[in-house]
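S.K.: One structure, pasted below without further comment.
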C-alpha cells in the first residue's frame, strides 16, 4: 500500500498482537516491523542494497548525530538523507533527545529545550522542540519524533513526573512546528518511567493531541524486562487502536515477541548490528558467540536453511577465524546474518498473526532458541 498520505491499516489481530500496514509515498511498511538503525547515515557494516534485500521497509536515522556531522543544513543542500545514503524507502528519525541525555558531556535542560556540548568536539548547541522538528525536516525524514526527555531508571518518581509533563508540553510544540506535511508523520512519545499512573497520564494526554502515531519511550534503559512489559500493558490499551505504536530502542528477539503480544507495531535497536561487530550471531538456534574456541573447527554454517548467504554459505570455523583475527569481513558477515534473522523473525510474526497462531509461533521460536544446535563439549 503506497499512499500519497500517511495511512495505517489494521489487517489482522490475534489477541493483542496486530498485523498492519503503514502506507506512505515512499512505500509501505509492513507491521510488526523492525527498523535497522542507521545512526549516522549508515547501517553499520552493511550496504543499503543488502538492507533492502533483507526485507526492511524502513530504517532509522539519528537527529543528534546527523546534526553534528555532517550537519542538517548541509544534508539539505545535498538532497536529504534518502539521496545521501541511497535509501529510497521511508526513514524514521528520532528526535535526538536520548543522545543528548546520554552522550553530551555537559547539558542544561529547561522549558525551552536543551543546551548541550557535542561529544565530538565540545561545540555548543541548542535543541528546542521546534529546532528538533526543523532538523528532521532538513534531513527529509518521513516519520519524525517529538523531542522528549528520557530519564534513566531507576529514578525518583518526582523526577520522572517532571520529565513526563515537560515531554507532553514539548509534544504540543512539536505538533505545531510540524504542521501539515502530507505523506509524512510526527509521533508523540509516552514517558513516565516505571510508574503506571504516570504512563497512563502521558498516554491519555498524547492521545488527545490526535497525532499520526505514538511511541513508548524511556524503556529498555536499565530496568528488568518484566517492568518494561508491565508498562506496555498499562500503556498500549490507552493508545488509539487505529494508529501505529512504536517501542523505541527495543530490543532482543525475546523482547520483540513479548512486546508484539502486548500490541506493539514497530521496533528499532542497535543490538543486531552491534552484536555483529562483536562476534555474536542471532539464529533460530539461539545466540552463537563466534569468539568461542569450540567453533574453530566447526564446518557447519550458522543456519543451512537460511536464505541469507552470510548464514548459509560460510562455515562457523571461518567466521570464528575472522572474529579472532579482527577482520572487517567478520563484522560484515555476522551483521548481515543478524539483520537477516531479525527480518525473518518479523516476517514469521506477521504470518503467524494472520494465521491466528501467534502464541504457538512465539512458543516454538523460544523453544528453538533454548534447544540450540551445538552438542556439549567433552
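S.K.: Tell me which residues, restricted to the range 328-352, are over 12 Å from residue 45 (Cβ atoms) and surrounded by fewer than 16 Cβ atoms within 10 Å (Cβ to Cβ).
M.R.: Correct list: 347, 351.
S.K.: Among the listed residues 45, 56, 72, which satisfies the condition of being in contact with a strand residue (DSSP E or B) (Cβ under 8 Å, 6 or more places away or on another chain), surrounded by 16 or more Cβ atoms within 10 Å (Cβ to Cβ) and either within 30 Å of residue 309 (Cα to Cα) or in contact (Cβ under 8 Å) with a residue 40 or more places away in the chain (or both)?
M.R.: Answer to the selection: 56.
S.K.: While we're on this one: Helices (runs of 4 or more DSSP H) wholly in the range 258-333 with at least 1 residues that are within 30 Å of residue 238 (Cα to Cα) and under 24 Å from the mean Cα position of the chain (by Cα) - which ones?
M.R.: Counting at least 1 such residues, we get 271-277.
S.K.: Could we say that residue 359 is in the same structural domain as residue 280 (by TED's automatic domain parsing), in contact with a strand residue (DSSP E or B) (Cβ under 9 Å, 6 or more places away or on another chain) and surrounded by fewer than 20 Cβ atoms within 10 Å (Cβ to Cβ) here?
M.R.: For residue 359, the condition - in the same structural domain as residue 280 (by TED's automatic domain parsing), in contact with a strand residue (DSSP E or B) (Cβ under 9 Å, 6 or more places away or on another chain) and surrounded by fewer than 20 Cβ atoms within 10 Å (Cβ to Cβ) - is met.
S.K.: Same structure again: Return yes or no: is residue 102 in the same structural domain as residue 191 (by TED's automatic domain parsing) and under 15 Å from residue 177 (Cβ atoms)?
M.R.: no
S.K.: Just checking: which of the strands (runs of 3 or more DSSP E) contained wholly in the range 79-140 hold 3 or more residues that are buried (at least 19 other Cβ atoms within 10 Å of the Cβ)?
M.R.: It comes to 91-94, 113-117.
For (1) surrounded by 20 or more Cβ atoms within 10 Å (Cβ to Cβ); (2) outside the structural domain of residue 319 (by TED's automatic domain parsing); (3) without any contact (Cβ under 8 Å) to a residue 60 or more places away in the chain, each residue gets a yes or a no:
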{"residue": "247", "(1), (2), (3)": "yes, yes, yes"}
{"residue": "254", "(1), (2), (3)": "no, yes, no"}
{"residue": "280", "(1), (2), (3)": "no, no, yes"}
{"residue": "286", "(1), (2), (3)": "no, no, no"}
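S.K.: Since residue 154 meets every condition but one in (1) surrounded by fewer than 16 Cβ atoms within 10 Å (Cβ to Cβ); (2) modelled with pLDDT under 95; (3) in contact with a helix residue (DSSP H, G or I) (Cβ under 9 Å, 6 or more places away or on another chain), which condition does it not meet?
M.R.: The number of the failed condition is (3).
S.K.: Of all residues in the range 174-199, which are surrounded by fewer than 20 Cβ atoms within 10 Å (Cβ to Cβ) and out of contact with any helix residue (DSSP H, G or I) (no Cβ under 6 Å at 6 or more places or on another chain)?
M.R.: 175, 176, 179, 180, 181, 182, 183, 197
S.K.: Yes or no: residue 166 touching a residue at least 40 places away in the same chain (Cβ under 8 Å) and either outside the structural domain of residue 29 (by TED's automatic domain parsing) or in a helix (DSSP H, G or I) (or both)?
M.R.: For residue 166, the condition - touching a residue at least 40 places away in the same chain (Cβ under 8 Å) and either outside the structural domain of residue 29 (by TED's automatic domain parsing) or in a helix (DSSP H, G or I) (or both) - is met.
S.K.: Could you check residue 204 against (1) surrounded by fewer than 21 Cβ atoms within 10 Å (Cβ to Cβ); (2) at pLDDT 95 or above; (3) in a loop (DSSP other than H, G, I, E, B) and say which number it fails?
M.R.: (3)
S.K.: Of the residues 318, 314, which is surrounded by 15 or more Cβ atoms within 10 Å (Cβ to Cβ) and in contact (Cβ under 8 Å) with a residue 12 or more places away in the chain?
M.R.: After applying the criteria, what remains is 314.
The values are calculated or read from the model by the stated rules, or taken from the named source; none is laboratory data. These numbers come from a predicted model, not from an experiment. All Cβ positions, even for glycine, are placed from backbone atoms using ideal geometry, and neighbour counts span all protein chains on display.
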